[in-house]
Amino acid sequence: MAGDIIAIDLDRDAVRAVVVSTHGRSGVVTEAVETSIDTGFGGMGEHGPAFDTALAALAGQPPKRVVVLTSQARSFTCDLSLPLSQVQKLGREKLEHAARWEIEPYLDFPASEALLSVAIPQHQPGGYASKTTTLQVCVAPRELYAAIEGACQVRGMKLLRLYAPDNAFAYSGVGALEEGGLEAVVSLRNSSTAAAMKRGQEALIFRSIPAIVGNDPSSADELVWAIADTVKDFTQAAGVPERVILADAGAAIPTLAEQVKLQSGIDAAVWSTSYTNGMVKSECGTIGPQYASAVGAALQELGICGSDKHGVDNRIPVAHTLRSNLHVAIVTLIIVLGGGLGLNYYTVHSRTKRLASDQSDLKTTEQDLKFRQSKAQEEEEKIAHVETAMEAARKEIAWIDKLRNAKPAAATLLEGLRGTIPYDVVLYRVEQSQASDREFMVSGWGWRAGSISEFQAKVQEAEWSEFVSPGGIYEKDLGRTAATGEQEKVLTYQFTMTIRLKAE
Amino acid sequence: MAKEKRRLTPFEQIGLLIAPVVIIAYVYVQFVYSPANKKAESLGSQVVELERSIAALKANPADRGIRERLEAAQKAEAVVKAKLDEARSKLATKADVPSVINQITSNARLNGLDRNMDIRRLEEFARPPKMLSEGAPEILYRDRTYHSLRVVGPFKNILPFLASLGSGSKIVGVQNASITVVNEKGDLEVTLLLRI
């Protein structure tokens, strides 16, 4: 059947095995076997024969999943000096670390070798406002776990959890009372006695009872009184239980229930599946109270009863977990750092890429602008060239117009001289200068020097002349033959002058 | 069962966390970030420089209105060229020389000077004489034909003849004029250089 589990209870003088499967929200006990043993379980490697004994008693093939109850796994209640609100905020590792430190004085092996399971009970004896918090701790030596696990593996089974029997009984499916009703459960094993107060399916208080089941009748009385005292303490702590259920092998003692009832004043009964309100059914007939702890462990493991599994498993040790966390932290840090650096590089690379693109665009723009500027300079030079050409053309036009409208200088001179020359002055030569067409050398003679100088002055004042440079006036004998045949002197005055005409 | 390994101290744990961070950060900064950042900074400064250059070029656009100015100058040049062509049409070409000579002799005949007239072309004038003012365009004396003219006649005929030399349809330059009284009647011999 799917979900089958086998719970093996290693008691001091017997091995009990129950096969439980789930059926809806209840557990079904398909097989329950008990085999007496003589040697007990003292060593770590001595579980194999006991397993073989229990498995051999089973009718069918045993399930592959197994939980084991052994008195070497112990349950502790310890108080932390922290309020519940702060304890609930602690992580599992810190909580286990604190619990390990608390239980270390009570262990007979090194605390570093302990496998732990810590639970915070719902019911806190000091209340939720208390400055201390009560923890329920299940502890087992790692060596024990490894030995039992090895024994299971050899037999083709997988060990799920190791349970302490002194609290596994509390989850043996007792819950027939109305919701909210209290009941006390007492585990009477050959090796130990423990009690728990329950409300519904939850265990509120656990307590070990020093007295154990023995052969001596006086010890039976002592056991009854111890049970009654414990119930009384439970009553003070959590309220009056409506009944007391006696479980495990010691519950089979005749009249024990009546004596407990008599001593505590509370109804008492021996555990059977009929007290589980249908939570536990049996397909193998009536099963006795000696199977209560094994059934309780199986129901816990199957999640049918209780919210926590109060057993230890082979979880990774705290120190190893810390190292793993360190590795995870390093890897995470490297990933985060790598991501950050990658992002940073991407940012820088993107910026470089964008700047390169901008630079390319800007270079193109600059080249375009420079090209336009050079073209503009070329056109500016063209304009200058055109203006120079126009200036030259205008000058040429002006010159041509000037020449076209100008009268020949020689004509102008002759015309001017005609109006100024006196009757007694004669010009015999006019030479135009080769250096300038407006300059003339004029030569002539006159009868009187005064007429000549008067003529020169008039030329100087004439509006057509710019200036006159007289060259000189000097006498000259022209000579002539008189009527008498003699030569006679004819004195005249010769002169030269330079005349420059005004520009037109 | 194997003994549990020693748990690392907090200092060792912190060292293990910090060491790879420092190494990776150093390698990244030294070999990746710094070169990339330097390149980016260099590009950034080049971009800023280019932006400044472009802003300066845009602030003083050399081509603003240049096209219009060039077109206006070219139009004005066309007008001036037309005027220049018109003016140059007053200058005689080689083909015009015979008609200009004919006009001169006609004027001489009108003034009764054609019998004592001598006009000949002067091929030997390779360089024009300095008869024009400084700055005169070359076209006025280069590619001109030069002729010597000699006429003899009375002053009353010589003067209108000389005046007629400047009133033709083409410009005729007169230079190196020499006027001399040649006889008792007072006739004048005029020699001059014609620049046609």
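Please treat every number below as a calculation from the coordinates, not as lab data. For clarity, every value in this text was computed on a predicted model and none was experimentally measured. With ideal geometry, Cβ positions are generated from the backbone for all residues, glycine too; neighbour counts draw on all protein chains shown.
Tabulated data for the structure shown
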read-out: Charged-residue dipole, Cβ positions (Lys, Arg, Asp, Glu), the protein assembly as shown about Cα centre, Debye nearest 20; value: 4100
read-out: Per-pair calculated FRET efficiency, R0 = 22 Å: A:His327 and B:Val21 via Cβ, rounded to 0.05; value: 0.90
read-out: About the Cα centre, charge dipole magnitude for segment A:409-501 (Lys/Arg +1, Asp/Glu -1 at Cβ), debye; value: 100
read-out: Helical segments meeting 24 Å axial Cα length and Kyte-Doolittle -1.0 threshold in chain B (DSSP H); value: B:10-28, B:34-59, B:66-88
read-out: Gyration tensor verdict on segment A:351-434 (Cα atoms; rounded if a/c is under 1.5, prolate if a/b is larger than b/c, oblate otherwise); value: prolate
read-out: Nitroxide proxy distance, nm - points 7 Å out along Cα→Cβ at A:Ser208 and A:Lys407; value: 16.0
read-out: Shape call, segment A:5-315: gyration tensor on alpha carbons, a/c limit 1.5; value: rounded
read-out: Ellipticity estimate at 222 nm from DSSP helix runs (n ≥ 4, -39,500 (n - 2.57)) divided over the protein assembly as shown, nearest 500; value: -14000 deg cm²/dmol
read-out: Proxy reagent accessibility, fewest Cβ within 10 Å first, across A:His97, A:His385; value: A:His385, A:His97
read-out: Dipole of the protein assembly as shown, positive direction: furthest Cα of A:Ala298, A:Ala32, B:Leu113, with charges on the beta-carbon; value: B:Leu113
read-out: Largest-first ellipsoid semi-axes for chain B, taking √(5λ) over the Cα gyration tensor eigenvalues, angstrom; value: 104, 17, 12
read-out: Computed over segment B:12-60, the ratio Rg/Rh where both radii use C-alpha atoms and Rh is Kirkwood; value: 1.47
read-out: The protein assembly as shown: proportion of alpha-carbon pairs further apart than 35 angstrom, %; value: 69
read-out: Extended-chain gain in nm, criterion 0.36 nm per residue less alpha-carbon gap, A:Glu242 and A:Ala435; value: 53.7 nm
read-out: Global form of segment A:409-501, assessed from the alpha-carbon gyration tensor, a/c cut-off 1.5; value: prolate
read-out: Exposed trypsin sites (Lys or Arg not before Pro) absent: longest stretch of chain A, with sites in DSSP loops and at most 16 other Cβ within 10 Å deemed exposed; value: A:156-314
read-out: Leading residue at positive end of dipole, segment A:409-501 (Cβ point charges), from A:Val490, A:Phe455, A:Tyr423; value: A:Val490
read-out: Exposed-loop-free span, longest in chain B, where trypsin sites (Lys or Arg not before Pro) count as exposed if DSSP calls them loop and at most 10 other C-beta atoms lie within 10 Å; value: B:65-141
read-out: Cα centroid separation - segment B:171-192 against segment A:418-480, whole Å; value: 16
